[in-house]
Amino acid sequence: MMLVRYLSQMGKYFLMIKEIFNKPTKWSVMKGLILKEIDDLIIGSLGIVMFISFFVGGVVAIQTALNLTNPLIPKYLIGFATRQSIILEFAPTFISIIMAGKVGSFITSSIGTMRVTEQIDALEVMGVNSLNYLVFPKLIALLLYPFAIGIAMFLGILGGFVASVYGGFGNSTDFVSGIQMEFIPFHITYAFIKTFIFALLLATIPSFHGYYMKGGALEVGKASTVSFVWTSVTIILVNYILTQLLLT
């Protein structure tokens, strides 16, 4: 019975995605909506993304340095390990799960509140495709999400550099040579492919939970929680599948 419910929800989700692109809103209106969503979802999230990236990069470098107790192990491995951790996993996946909490909850609660206060019904009555009006600007805004992840990668490695050099775990020459050692450009491509797909999930899954919720104010809070859980679970599953497809 539960399987049938999940399959039904998945079908509803894909039908919602199809409906987003039907009967588009006028560009003059849509332009303002997209700019507002870029401000709310991307620019509004840069602060927390930059703060977390810098300090987690520092922690990765310190923990790597503290585990390199053998004097035969070269110090440049601190830079190498920091680069690999940040670019491959931390920046694209870890930040996306944090964003599922910040951006996802915001999207679900804002659309859910509109559902509860019957604003979505009002849009439908006026002949507006409410899914296109509400979800499409979020989808376009989150296409700029890789830009935030690029900043996270840079600041993560910078945080590792600062922690390693100024914490006395190694010198700047070793750290920089570690960053440059055996660099595979495809790893950056892989990270951005993941980020792009996570952006689509971050825009659509919370919107789905907000749009189709029923009830009152209490249910808006519950929908936000459920949307965060499902967005995180989906991101982790998709991360596993993409890693298997692209890196093996």
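The values are calculated or read from the model by the stated rules, or taken from the named source; none is laboratory data. In this text, all values refer to a predicted model and were calculated from it rather than measured experimentally. With ideal geometry, Cβ positions are generated from the backbone for all residues, glycine too; neighbour counts draw on all protein chains shown. Note: accessible area is taken over every heavy atom of the protein model, side chains too, but ligands, DNA and RNA are not part of it. Shrake-Rupley method; radii C 1.70, N 1.55, O 1.52, S 1.80 Å.
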Practice task
Return the residue satisfying two criteria in turn: it lies in the stretch 210-248 and is of a type in the set (S, T, N, Q) and surrounded by fewer than 21 Cβ atoms within 10 Å (Cβ to Cβ), and of such residues it is nearest to LYS18 (Cα to Cα).
Solution key: THR234
Practice task
Just name the residue that is surrounded by the fewest Cβ atoms within 10 Å (Cβ to Cβ) out of those in the stretch 1-44 that are under 28 Å from ILE149 (Cβ atoms) and small (Gly, Ala, Ser).
Solution key: GLY32
Exercise for the section: Taking VAL125 as the residue in question, decide whether it is open to solvent by 40 Å² or more (accessible area, probe 1.4 Å), over 14 Å from ILE149 (Cβ atoms) and not charged (D, E, K, R). Expected result: yes
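What number of residues within the stretch 72-105 satisfy the criterion of being open to solvent by 40 Å² or more (accessible area, probe 1.4 Å) and of a type outside the set (A, V, I, L, M, F, W, C)?
Qualifying residue count, the stretch 72-105: 7.
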Exercise for the section: Quick one: count up the residues across the stretch 162-209 that are more than 17 Å from ASN239 (Cβ to Cβ) and either open to solvent by 60 Å² or more (accessible area, probe 1.4 Å) or more than 24 Å from the chain's Cα centre (by Cα) (or both). Expected result: 24
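So which of THR117, THR69, THR108, THR113 is β-branched (Val, Ile, Thr), in contact with a Gly (Cβ under 9 Å, 6 or more places away or on another chain) and open to solvent by 30 Å² or more (accessible area, probe 1.4 Å)? So that I can check it myself, show each step before the final result.
Details: THR117 fails: in contact with a Gly (Cβ under 9 Å, 6 or more places away or on another chain); THR69 fails: in contact with a Gly (Cβ under 9 Å, 6 or more places away or on another chain); THR108 fails: open to solvent by 30 Å² or more (accessible area, probe 1.4 Å).
It is THR113.
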